[in-house]
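The values are calculated or read from the model by the stated rules, or taken from the named source; none is laboratory data. Predicted model, so just to flag it, every value in this text is computed and none were measured. Here the Cβ positions follow ideal geometry from the backbone for every residue, glycine too, while neighbour counts run over all protein chains shown.
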Amino acid sequence: MKELSRIATAVQASTTMAIDAMFKQMKADGIDVIGFGAGEPDFDTPDEIKAAGIAAIEQNFTRYTPAAGTVELRQAVCDRMKADCGLDYKPSQVVVSSGAKHVVYLALRALVNPGDEVILPAPYWVSYIELIRMVGGVPVVITTTEAEHFKLTPEKLSAAITPKTKALLLNNPSNPTGMMYSREELAAIAEVCVKNEVYVISDEIYYGLVYDGAAFTSFASLSPEVKELTILVNGVSKSYAMTGWRIGYGCANDQIAKVMANYVSHSTGSPVAVSQKAAAAALSGPQEKIEVMRRAFEERRNYIVERMNAIPGVSCIKPEGAFYVLMNLEQLIGRTIHGVKITDDDVFADAFLRFGLVAVVPGSGFGAPNFTRWSYATSMENIKEGLDRLEKFLQG
Ligand SMILES: Cc1ncc(COP(=O)(O)O)c(C=O)c1O
């Protein structure tokens, strides 16, 4: 048999999905496990959004749409971005696609030639590193520390830039760290990008899930110059509990948006018509339900952070957005728990699942060794039980 594509065969399975699959299998086998691996809200899509999808089917809105999305939805994106982030985009500068993940892929496709370097701060969302490689790019990972609140500094960014640097891939608020950059921190990063003509793919999918009354700043809103260099990635999956509808969007300057639209027209074609109607309803309709979900996440975060920091041997810093917390388990390395010598986060996660019956995601896949990611997109009841189990497991 002839060799398969080297690029495609080098793609690694997603560690977040692997843990989720294992957890689901154990559950299906009747084992009482609790999962903290989910990357999606545990809420249902709000009724009025579902109703818009149902109406679309009933009205036979079931055919191809323009490849970059309906004008109605692209206009709704523009209006929402204006209202929430102060951004001015035209519908022609918006590309709707099948989830924000695919928009990140399209953005990288639009920018990257084989061998171009893409700067990626770690901890990073698992898919980023694979997506960069899938377009022939070279990921240049910059490690950030817990002491730095996992944030990229302008100094570290400057030091990583070479003549081959094409783009910076930024996620704000971040999966897996939950950290959010302030306007000042973003401005300092933007200054380096403008000076060196580095494009920025700014994935802001969690922008609606921000806590403690903090203000979210969209990268492109920093200045017209910064906006020119930015591809904004966003979508309805997380803020509106719509992960299965598969609608994400990208906003960029005319030239980049056109390249992305052309590319998508020959790859996936138009996004799901019915989902586009539902997404337009989500973006243009009342936003109160979003606030109810946001508040629930904030309450869970407060609980999880307090409990985790009260358990000897583990700790975490307080996330400012998204629905993840990174638990530091450095103090457990070298300890033997339930007969298992904890040598790294993978061993810990495996032992915790087998003996503690709790599924968390090892940090290594996110470029965060000796951490595990806990998603608090699960009920308060589960969170309490999960932390009780952690306490008990660590006594073993
Ligand atoms: C940072 C980040 N970007 C994008 C996505 C994917 O969003 P979508 O479901 O819209 O493709 C996720 C999902 O986990 C994510 O965490």
(request) Would you point out the residue of the stretch 206-236, among those that are within 13 Å of the ligand (Cβ to nearest atom) and over 22 Å from residue 118 (Cα atoms), that is surrounded by the fewest Cβ atoms within 10 Å (Cβ to Cβ)? (result) 208
(request) Mind counting the residues in the stretch 339-392 that are closer than 25 Å to residue 179 by Cα, of a type in the set (Phe, Trp, Tyr) and touching a Gly at 6+ places or on another chain (Cβ under 8 Å)? (result) 2
(request) Kindly list the number of the only condition in (1) closer than 22 Å to residue 220 by Cα; (2) more than 16 Å from the ligand (Cβ to nearest atom) that fails for residue 168. (result) (2)
(message) Just the residues that are in contact with an Asp or Glu (Cβ under 9 Å, 6 or more places away or on another chain) and under 13 Å from residue 249 (Cβ atoms), please, taken from the stretch 49-78.
(response) 78
(request) Report yes if some residue within the stretch 12-24 is within 16 Å of the ligand (Cβ to nearest atom), part of a helix (DSSP H, G or I) and within 28 Å of residue 219 (Cα to Cα); otherwise report no. (result) yes
(request) Please find, within the stretch 42-77, the residue that is nearest to the chain's Cα centre (by Cα) out of those that are of a type in the set (Asp, Glu) and part of a loop (DSSP other than H, G, I, E, B). (result) 42
(message) One residue is enough: does the stretch 20-43 have a residue meeting the conditions modelled with pLDDT of 90 or more and among the polar types (S, T, N, Q)?
(response) no
(request) Within the stretch 293-335, count every residue that is of a type in the set (D, E, K, R), free of Cβ contacts under 8 Å to residues at least 24 places away in the same chain and part of a helix (DSSP H, G or I). (result) 2
(request) Take residue 237 and decide whether it is within 14 Å of the chain's Cα centre (by Cα) and under 15 Å from residue 107 (Cβ atoms). (result) no
(request) Could you tell me whether residue 31 is exposed (fewer than 14 other Cβ atoms within 10 Å of the Cβ), aliphatic (A, V, I, L, M) and either closer than 30 Å to residue 217 by Cβ or outside the structural domain of residue 156 (by TED's automatic domain parsing) (or both)? (result) yes
(message) Within the stretch 86-119, take every residue that is touching an Asp or Glu at 6+ places or on another chain (Cβ under 8 Å) and under 25 Å from residue 210 (Cα atoms) and give me the one that is surrounded by the fewest Cβ atoms within 10 Å (Cβ to Cβ).
(response) 100
(request) Name every residue in the stretch 80-115 that is of a type in the set (A, V, I, L, M), within 15 Å of the ligand (Cβ to nearest atom) and part of a helix (DSSP H, G or I), in order of residue number. (result) 100, 103, 104, 106, 107, 108
(message) Step by step: first the residues of the stretch 125-139, then only those that are part of a loop (DSSP other than H, G, I, E, B) and more than 9 Å from the ligand (Cβ to nearest atom), then the one that is nearest to residue 268 (Cα to Cα). Which residue is that?
(response) 135
(request) Report, by residue number, each residue of the stretch 295-310 that is more than 18 Å from residue 210 (Cβ to Cβ), surrounded by 15 or more Cβ atoms within 10 Å (Cβ to Cβ) and of a type in the set (A, V, I, L, M, F, W, C). (result) 308
